[in-house]
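Quick notes on the structure that follows.
What follows draws every value from the coordinates through simple rules; no lab data is involved. This is a predicted model, so every value here is computed, not measured. For neighbour counting, all protein chains shown are included, and Cβ atoms are generated from backbone atoms with ideal geometry for every residue, glycine included.
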Amino acid sequence: MKNKSSGELFIYFKSYLQKHAIYIVVLGIILAASIIRINIYGDPGLSIATNDTQSYVESSQSPLFSSEMITGRRLLTTNIIYKIFEPKEGYKIKANGSVDTTRRVFQRGFDKIVVFQLFLSIIGWGILAFTISKSIRTPSLKVLSTIIIMLFAFSPQLADWDSVLMAESMNFSLFALQLAILIKLVFSLYKDPNSNATIWLSLWMVIYFLWTFIRPTNLFVSFVTLAMLAGMLLFVKYRKSKHLYSAILFSASLFIIGAVTTGQSERSQNYDVYQDDLLIYPERVSILKEWGMPDPSSPEFQPWFEKYSTKTMLRFMVTYPGYPTNKIIKDFPQAFNVANQTYFKAPEQWRARNIMIPIGESFHPENTSPFLLNLFMLFCLILIAFKNTKGISRPWAWIGIWLFLSAGVTMILAIIGDTWGLNRHALFSTMVYRILMWINLIVIMDIAITNSTQNNDLSLQPQK
């Protein structure tokens, strides 16, 4: 009896391995990539500050349960992280890479932040790679998609930001994590609108909330999310889904709360836009004065600016749409020009970087090709979704459109809301366009291979 039980157990184990072999391979790739990521980039506790780092430190000094925690110069998520890891003696910046590119150093307290950023990056991108591989039906493409996402995420163009003391690393990682959960939810609701996905929905809400309150522009993705979710109500099958209504209510509430809190932040005043775009032209100054702006050299200007600058700038853009239109057309291609950080150098890693940087350049092209290719591939995917109503093209088309619009909205806000640091401020948007390019390519290949295989199987069946 004992031998028989052992034999049955062996058969079950063998069957389980055969059935899940492809996912064991995928997990092996993710684990191997994570180990390589940790080892080839040097000591994970080394960090580099920037001119913005001090503002993160100061903003995190606000009491945890206070309005300043969500209306200060920096937003809630980074405030919490910097508050949690602050050492007893406080943060002390020892290396700033904003003026000259320099080397990373050990900085007490900051070392825990960058290790956390590394951990979050590995978790976020690893889960995204695994989720996408599970949503792909062709075994070889499951493996290929995992390799592509790992190379994309762990190339210097993204991995270097884990050592930089700003919001970029957490912005990328939390977005990847919430995207993985969103893909899970979209496919689950597509198969069964009334499926039990409460845990996944709750987890997505938490991660999405934390991601939203990293950068002000992230807030406006909630508007895209709200519109995309509301659009699903046009289909009868989704109108009885409690999860859909919960997600709509959450997105609407988040957008309203975020709009109120960020509107009170000094970050919404956009002084650089006034200084570099509006006040240098006499005709624009005349228009603003007609609308109540005091003379910029007068003592009354600063109080007016703090209270009315945002509303006045929005009024100017609506009244004279040529200004934001020209600005977007001019700066949009430039936003793709630089994909890597310029704050620190690591000459001791020259062997690894001689390999990783060219690979990263292949996955992060520094031109508008990802945007143009996504336009073409999304058009194809939408056509497939209309024709193949029973396949997986529809949920993928929804995800692709959501990603494309999210990148577009944040890109436009980055361009019209600032006049310097465009490449860094638009880096999230360009990252989304770049990863979407690879996701769309894998998805279209998967649909083509799957449909071709099904058609071949049907052609081999005997005709009646």
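Assorted remarks:
- For the chain, calculated [θ]222 nm from helices alone, where every DSSP H run of n ≥ 4 adds -39500 (n - 2.57): -22000 deg cm²/dmol
- A DSSP coil position with no more than 14 other Cβ atoms inside 10 Å describes the following trypsin sites (Lys or Arg not before Pro) in region 375-457: Lys390.
- Close amide H partners of Gln107, meaning residues 5 or more places away or on another chain with modelled amide H under 5 Å apart, are Ser47.
- Across region 101-107, coupling constants 3J(HN,Hα) worked out from phi with the 6.51/-1.76/1.60 Karplus curve, θ = phi - 60°, read 5, 9, 9, 6, 9, 7, 10 Hz, and Gly and Pro carry x.
- C-alpha long axis of helix 393-416 to longest principal axis of the chain, angle in °: 20
- Under a 5 Å amide H cut-off, with hydrogens placed 1.01 Å from N, Phe344 pairs with Thr102 among residues at least 5 apart or on other chains.
- From most to least packed by mean Cβ count within 10 Å, the peptides 201-208, 87-94 give 201-208, 87-94.
- 0 to 90° range, to nearest 10: angle between helix 322-331 axis and the chain longest Cα axis: 60
- Candidate values (1) 30.5; (2) 31.9; (3) 25.5, label of the one derived for mean projected area of the Cα convex hull in nm²: (1)
- Rounded to the nearest Hz, the phi-derived 3J(HN,Hα) couplings of region 232-245 under the Karplus curve 6.51 cos²θ - 1.76 cosθ + 1.60 (θ = phi - 60°) are 5, 6, 5, 9, 4, 4, 9, 6, 9, 7, 5, 5, 5, 5, where x marks glycine and proline.
- Axis of helix 369-387 versus longest Cα principal axis of the chain: the two differ by about 50°, to the nearest ten degrees.
- Highest-first arrangement of 338-349, 272-283, where packing means the average Cβ count within 10 Å: 338-349, 272-283
- Region 169-204 and region 133-153 have their alpha-carbon centroids 18 Å apart.
- Across the chain, C-alpha contacts under 8 Å between residues 6 or more apart give a mean separation that, scaled by the residue count, equals a relative contact order of 18 percent.
- Protection proxy ranking, peptides 160-172, 248-260, average beta carbon neighbours within 10 Å, highest first: 160-172, 248-260
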